[in-house]
Amino acid sequence: MRNILVAAGLLLLAATGRAHALDVFACEPEWAALASEIGGDAVDVFTATTARQDPHQIQARPALISRLRAADLVVCTGAELEVGWMPVLLRQGANSKVQPGSPGYFEAAHSVHLLEVPTRLDRADGDVHAAGNPHIQTDPANIRAAGIALAQRMAEIDPGHAATYRDRELAFRTRLDAAMARWKTEAAPLKGMAVAVQHRSWIYLLNWLGMTEAVTLEPKPGVPPSAGYLAGVIDDLPKKNVRMILYAAYQDPKPSEFVAAKTGIPAVELPFTVGGTDQAADLIAFYDDTIKRLLAHADHH
Amino acid sequence: MRQTRTISAAALMALLAAPTPVFAADDAALQAVRQEVARMRADYEARIQDLEKRLAQTETATNQAATTADEAKKTAEEAASKPDAKPAESNNAFNPAIGVVLNGTAATLHRDPSVYKIPGFSLGSSAKPVDRGFALGESEINMSANVDQALYGNLTVSYARDNTASVEEAFIQSTTLPGGFTLKGGRFKSGIGTLNEQHAHTWDFADAPLPYLAMLNQQYGDDGAQVRWLAPTKMFIELGGEGFRGDAYPANGSANKGVGAKSVFAHMGDDIGKGGEGGSWRVGVSELWTRASNRTIGNDTFYGDDRLTIVDGVYKWAPNGNFADRYVKLQGEYFYRAENGRFNDLTDSTRQQGFYTQAVWQFMPQWRTGLRYDRVWAANPNAALALSTLDPQGQVASRQSVMVDYSTSEFGRFRLQGNLDHSTTKLDPQLILQYTVSLGAHGAHAY
């Protein structure tokens, strides 16, 4: 009898202990990874999407609605990346803590300087984002900046663990800074290299590594290329001294592979976010693997 | 700097070399020359020292300038990496988000849709196939925004081919109630079933399935209030209840002093696998009670109660849960309706059933195809009602549909749909070409 009581007590403790963890709803894997780096055991992180999924086109799945209801903090990219599904979750999730404008609603894009802000807004230009290119996670400097802001936000919502968040964020930032110094050296051979991209999702990566985006396989952002359009691209690539064709793990590699087969320029799959490849297990490994894959194909010529 | 030093050294050497060709005539003159050279040497050494000193000073200044430049660059980089001052998260300033949906059809039907009948059913006014020929479909303007910190508001006005505008939805909804509750009030589409709450332009086929057509006059919406509760569980469990004025078919004319209809519904759903990689699903059961008082359709009148039960389910799957390129969506709903009252002043106790089941497959980016089978049937009414509208006379209405659609983008879609409509005794083959586009605010779609 006593054993049962002790067990029940332990269970209760475990249950209440668990209830104390900050429930984080991360829209994309990179923010889940960042929240875990900062929160450690103090947070319980749910990731709405995987690295194999196009974050523009997520279904407002029932499980996402119920997970949003339980969240203390929503961490998304913002810049309209989730505009096709988050509004439904926020409306149906019946959670006042995480409504836009509340401390429980965090958009990483607000902590960084967005690139490719369109000068004209017209859907004839494809799936343009008014705020700028939302694929900010491909530059570690953006993760660094978002991490500082996120730790502050987490401390605001959960003051009891403020010191934990501050310390863990600082420890992560120290590791990231060391890694960034290392990446700078490692990625030096990539500087000035021209690449083709399948979708315009790499501007932050290219900007960071000093590479240039010479060609886009999509005629307009979000519009799949036709065979005719790709034929024009194939003619164009050698003239522009393009060294590789980049596509994200979630993308259908067919357009990149088609162009690669016709031109002999390698198509390179990059993880795009944490979990995009087997090697990209955490944020540091994500950039490690990205640079490794770029270097592996840069040597080809 | 280096150049200056070279020139000074050359001048000095020239000066030192200069005395050699002088032939000493006398010692005194020689002494004078030596003294002069020594003086000059001292003078130039002083000048060289002075120059070297100035050189050192300039070098220091240059280093300082470089350091300052580095610092300035660093400051500029830091400034560039700092976030821009952006307004807080909102749709657009204080204006509501405005979205426009344009929809139109071109169709060939063998039978005149204006005399459309389903045997055994007393149909509402909208229960008919799409119009023949070119026709403007339901084109709508939607405006929505947060009212304030506690409320959200939404207005949808739709325009039809006959130049009439109607308020499809106009409701306010709570955003900050605790405990997972949401309240909604105004005019809205009921949360029963799967398709009912979705706007018709988001449907996967150009027309409503037969059970919706026959038992809900396309879709059930009315003026009323709704409460929803979302359970605090990892699995999606939602319960809802509604009360309506009771103007819309199968109720009518605000029967029961303006509370002529009510409903309850329950939905549950979840992911299969992490991130829905194995698919996701939602099932539900709903109940709608309506009361009609002198509901007149054609020559038929009805007083009494309707009770409609809906069982619905949706399953979606995409490779890795990535819906961008390819996916499959299976969906079905079953309807059971019991009507009790007086039909044309005769005792009426009819039982009607129906279902539809459909599969949609996006087989490559921008291209989808789908199959649908739908069917409704009515039990034989009392002998007194034989040969009335409620007598199916042994007929069962069914239809087979196939569609292919092509999306120019997320915002534009063209659809070609073929129906083999066996609603009545004679087969009606139908071909429908439809466009649906949306402009303005990027509407998010419900599951």
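The values are calculated or read from the model by the stated rules, or taken from the named source; none is laboratory data. These numbers come from a predicted model, not from an experiment. Cβ atoms come from the backbone with ideal geometry, glycine included; neighbour counts cover every protein chain shown. Accessible surface is based on the protein model in full, side chains and every heavy atom, while ligands, DNA and RNA are left aside. Shrake-Rupley method; radii C 1.70, N 1.55, O 1.52, S 1.80 Å.
Yes/no per residue for (1) among the hydrophobic types (A, V, I, L, M, F, W, C); (2) open to solvent by 60 Å² or more (accessible area, probe 1.4 Å); (3) not in a loop (DSSP other than H, G, I, E, B):
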{"site": "B:Ser401", "(1), (2), (3)": "no, no, yes"}
{"site": "B:Leu416", "(1), (2), (3)": "yes, yes, yes"}
{"site": "B:Leu420", "(1), (2), (3)": "yes, yes, yes"}
{"site": "B:Pro429", "(1), (2), (3)": "no, no, yes"}
{"site": "B:Leu439", "(1), (2), (3)": "yes, yes, yes"}
{"site": "B:His445", "(1), (2), (3)": "no, yes, no"}
Going through segment B:128-148 in order, the residues found to be of a type in the set (D, E, K, R) and under 13 Å from B:Ser114 (Cβ atoms) are B:Lys128, B:Asp131, B:Arg132
Q. Does B:Asp271 satisfy the condition of being open to solvent by 10 Å² or more (accessible area, probe 1.4 Å), farther than 24 Å from B:Asp348 by Cβ and at pLDDT 95 or above?
A. yes
Q: Return yes when A:Leu176 is part of a helix (DSSP H, G or I) and under 23 Å from A:Asn142 (Cβ atoms) and no when it is not.
A: yes
With criteria (1) assigned to a helix (DSSP H, G or I); (2) open to solvent by 50 Å² or more (accessible area, probe 1.4 Å); (3) without any contact (Cβ under 8 Å) to a residue 60 or more places away in the chain, A:Gly192 comes up short on (1)
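Rundown of residues vs (1) at the interface with chain B (Cβ under 10 Å from one of its Cβ atoms); (2) touching an Asp or Glu at 6+ places or on another chain (Cβ under 8 Å), yes/no style:
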site	(1), (2)
A:Leu90	yes, no
A:Arg123	yes, no
A:Thr164	no, no
A:Arg168	no, yes
A:Phe172	no, yes
Those residues of segment A:92-104 that are open to solvent by 10 Å² or more (accessible area, probe 1.4 Å) and more than 7 Å from chain B (Cβ to nearest Cβ) come to a total of 4
Does B:Thr301 satisfy the criteria of being among the hydroxyl-bearing types (Ser, Thr, Tyr) and open to solvent by less than 50 Å² (accessible area, probe 1.4 Å)? yes
Of the residues in segment A:254-265, those that are over 11 Å from A:Leu217 (Cβ atoms), of a type outside the set (D, E, K, R) and open to solvent by 20 Å² or more (accessible area, probe 1.4 Å) come to A:Ala261, A:Thr263, A:Gly264
Result of the Cβ filter at 6 Å on segment A:202-219, keeping first residues that are under 26 Å from A:Leu283 (Cα atoms) and open to solvent by 10 Å² or more (accessible area, probe 1.4 Å) and partners that are modelled with pLDDT of 95 or more and part of a helix (DSSP H, G or I), at least 6 apart or interchain, is A:Leu209/A:Leu190; A:Met211/A:Leu190; A:Glu213/A:Leu206
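For (1) on the phi < 0 side of the Ramachandran plot; (2) open to solvent by 30 Å² or more (accessible area, probe 1.4 Å); (3) out of contact with any strand residue (DSSP E or B) (no Cβ under 9 Å at 6 or more places or on another chain), each residue gets a yes or a no:
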site: B:Trp229; (1), (2), (3): yes, yes, no
site: B:Met235; (1), (2), (3): yes, yes, no
site: B:Gly240; (1), (2), (3): yes, no, no
site: B:Asp247; (1), (2), (3): yes, yes, no
site: B:Lys262; (1), (2), (3): yes, yes, no
site: B:Gly279; (1), (2), (3): no, no, no
site: B:Val283; (1), (2), (3): yes, yes, no
site: B:Leu288; (1), (2), (3): yes, no, no
Across segment A:220-239, the tally of residues that are surrounded by 14 or more Cβ atoms within 10 Å (Cβ to Cβ) and either among the acidic types (Asp, Glu) or touching a residue at least 24 places away in the same chain (Cβ under 8 Å) (or both) stands at 11
With criteria (1) farther than 28 Å from B:Arg132 by Cβ; (2) open to solvent by 60 Å² or more (accessible area, probe 1.4 Å); (3) away from chain A (no Cβ under 14 Å); (4) not hydrophobic (A, V, I, L, M, F, W, C), B:Tyr373 comes up short on (1)
*Going by the structure shown, is B:Ala378 outside the structural domain of B:Ser286 (by TED's automatic domain parsing) and either free of Cβ contacts under 8 Å to residues at least 40 places away in the same chain or open to solvent by less than 70 Å² (accessible area, probe 1.4 Å) (or both)?*
no
Residues in segment A:64-88 that are part of a helix (DSSP H, G or I) and either more than 7 Å from every other protein chain (Cβ to nearest Cβ) or out of contact with any helix residue (DSSP H, G or I) (no Cβ under 7 Å at 6 or more places or on another chain) (or both) total 9
